[in-house]
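Working notes for the structure below.
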Amino acid sequence: MNDFVARSPLLVVRDAPGYDHGRVNQLFEMSTSGFGSFEELDAWKNCRPVKLYVRDLVKYWPDTEKFRLTDQIIRSSRSPGSHLAEGFGRYHEKDNIRYCRMAKGELYETRNHLWDALDEAYITEDQRMECNALIERALKTINGYIAYLQRHHGGSSTGEPEAPYDFTPI
């Protein structure tokens with residue numbers, strides 16, 4: 001064994017009292033089977049079209065909205081993918097579910113900003129409905145991912161209703 005390996009912090013931690021070999025193996029199996037990366041998650045993939053649609057939507061909004069509604073809707077449309085990626089990297093089911101719920105909240109915020117944009121006549125009803133359809137698809141796949149985490153990895157079911165969400169446009 002060379003000097004670097006002998007001084008490795010991993011070796012020290014691995015031999016420490018209370019080190020949970022089973023939990024580490026479980027985390028390793030989670031990261032190497034099923035989903036190897038957040039980019040493989042359908043939930044993450046379905047958040048990207050929302051972000052891209054919003055990016056194109058705001059290009060022609062008035063400059064007076066640059067640091068108001070434009071900035072808010074861009075941020076809220078970018079956040080769901082970031083939350084899903086961060087939650088995936090936590091390697092703990094309950095943490096991951098918490099980040100999934102934050103991603104859902106950001107999608108709902110984006111939906112609200114679309115109403116604001118419609119009220120200000122920055123977008124048409126058709127544009128709002130197109131983006132809303134993308135948001136609904138993302139929400140459904142995030143709900144599916146949460147259900148997967150709860151079933152397969154023992155996540156908490158607090159706060160999630162058993163019945164599917166109603167996504168009927170208003």
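Mind listing whichever residues of the range 113-144 are of a type outside the set (A, V, I, L, M) and within 13 Å of V54 (Cβ to Cβ)? Hits for the range 113-144 are H113, D116, Y122, Q127, R128, E130, C131, N132.
Note on the range 137-156: residues that are assigned to a loop (DSSP other than H, G, I, E, B) and either modelled with pLDDT of 90 or more or open to solvent by less than 40 Å² (accessible area, probe 1.4 Å) (or both) amount to 2.
Scanning the range 57-80 for residues that are modelled with pLDDT under 95 and of a type in the set (D, E) returns D63, E65.
Matching residues to (1) open to solvent by 40 Å² or more (accessible area, probe 1.4 Å); (2) without any contact (Cβ under 8 Å) to a residue 24 or more places away in the chain; (3) of a type outside the set (V, I, T):
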{"residue": "F67", "(1), (2), (3)": "yes, yes, yes"}
{"residue": "G89", "(1), (2), (3)": "yes, no, yes"}
{"residue": "R111", "(1), (2), (3)": "yes, no, yes"}
{"residue": "T124", "(1), (2), (3)": "yes, yes, no"}
{"residue": "I135", "(1), (2), (3)": "no, no, no"}
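Annotation note: of G89, G34, the sole residue that is under 18 Å from the mean Cα position of the chain (by Cα), closer than 26 Å to L149 by Cβ, at pLDDT below 95 and not in a helix (DSSP H, G or I) is G34.
The values are calculated or read from the model by the stated rules, or taken from the named source; none is laboratory data. The shown structure was predicted, so the numbers you read here are calculated from the model rather than taken from an experiment. Glycine gets a Cβ as well: all are built from the backbone with ideal geometry, and neighbour counts include every protein chain shown. Ligands, DNA and RNA are excluded from the accessible area calculation, which covers all protein heavy atoms including side chains. Shrake-Rupley method; radii C 1.70, N 1.55, O 1.52, S 1.80 Å.
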